[in-house]
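The values are calculated or read from the model by the stated rules, or taken from the named source; none is laboratory data. In this text the structure is predicted, and so the values were computed from the model without any measurement. Virtual Cβ from ideal backbone geometry, glycine too; neighbours counted across all protein chains shown. Remember, those area values only see protein heavy atoms, side chains included, never the ligands or the DNA or RNA. Shrake-Rupley method; radii C 1.70, N 1.55, O 1.52, S 1.80 Å.
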Amino acid sequence: MGEDRAATGTRVPNRRGEGAKLRDEILAAAVELLDESGDANTITLRAVARRVGIAAPSIYRHFLDQPAIVLAVIQQAFAELNEHLRDSLAAADDDPRKRLFAVCDGYLEYARTHPGRYRTMFGGLWQPDLNESSVDENDLASLGQASMQLLAEQLASCVAAGRATSTDLPADTVALWLGLHGLAHQRVASPAFRWPPDIAERIITALAHLEDR
């Protein structure tokens, strides 16, 4: 507690009604800890409180427990991913194949530029105890749905335009995502490996059942 009291002296308290500002500061501090370490376990109540400059118990006004903070970090990361995918899509032309590739390339780019967040989002490194925390199955099940839907929509557009031969869009969307995830993960895990320059195109073309250009 001595460290927390010392930390509180560096921060000007929010005015009445500015509780949302403190919540944002707590979340920003948690994201910084994750980006610096690449490990969600570094997001502890004490570490977050120290970085924000508050006493650890103050966090409970905004987050019920530590898993709730990590969940908020991951939810924000998925929102960022979805926004990045939509930006990539907006920059593509009207060709369905190119739009699918834009989303897939955007996914790989996000994984490359935010490795710590990506590992926490998809690496299975964060497994909250659903019996001992405020996080529940619905919280976890909802993660990534918007981005998966965006990928499914682009694959469906390719099929509708006769550019892909998928006959099971839900299954092939999952297969395509797994291929992208595998490549994203292994690029980080094996940086010295000499990846074929067209490996992403090969994976996307095969798993999306794309026709020749």
Problem - Enumerated helices (runs of 4 or more DSSP H) restricted to the stretch 133-213, each holding at least 3 residues that are open to solvent by 60 Å² or more (accessible area, probe 1.4 Å) and either at pLDDT 95 or above or within 22 Å of residue 95 (Cα to Cα) (or both) - result: 145-160, 169-189, 199-207
Practice task
Considering each residue of the stretch 96-127, count those that are touching a residue at least 40 places away in the same chain (Cβ under 8 Å), open to solvent by 20 Å² or more (accessible area, probe 1.4 Å), over 19 Å from residue 203 (Cβ atoms) and in a helix (DSSP H, G or I), and give that number.
Solution key: 4
Exercise for the section: Output yes when any residue across the stretch 77-87 is of a type outside the set (S, T, N, Q), touching a residue at least 60 places away in the same chain (Cβ under 8 Å) and touching a Leu at 6+ places or on another chain (Cβ under 6 Å), and no when none is. Expected result: yes
Exercise for the section: Of all residues in the stretch 145-175, count the ones that are among the charged types (D, E, K, R), over 14 Å from residue 98 (Cα atoms) and touching a residue at least 12 places away in the same chain (Cβ under 8 Å). Expected result: 1
Practice task
Go through the stretch 123-159 and give me each residue that's more than 15 Å from residue 176 (Cα to Cα) and either among the aliphatic types (A, V, I, L, M) or under 10 Å from the mean Cα position of the chain (by Cα) (or both).
Solution key: 125, 130, 135, 140, 141, 143, 146
Exercise for the section: Determine, yes or no, whether residue 175 is under 25 Å from the mean Cα position of the chain (by Cα) and farther than 16 Å from residue 104 by Cβ. Expected result: no
Fill in the blank from the handout: Selection from the stretch 42-58 of residues touching a residue at least 24 places away in the same chain (Cβ under 8 Å) and polar (S, T, N, Q) yields 58
Problem - Some residue of the stretch 192-204 being under 30 Å from residue 68 (Cβ atoms), touching a residue at least 24 places away in the same chain (Cβ under 8 Å) and of a type in the set (Asp, Glu) - result: no
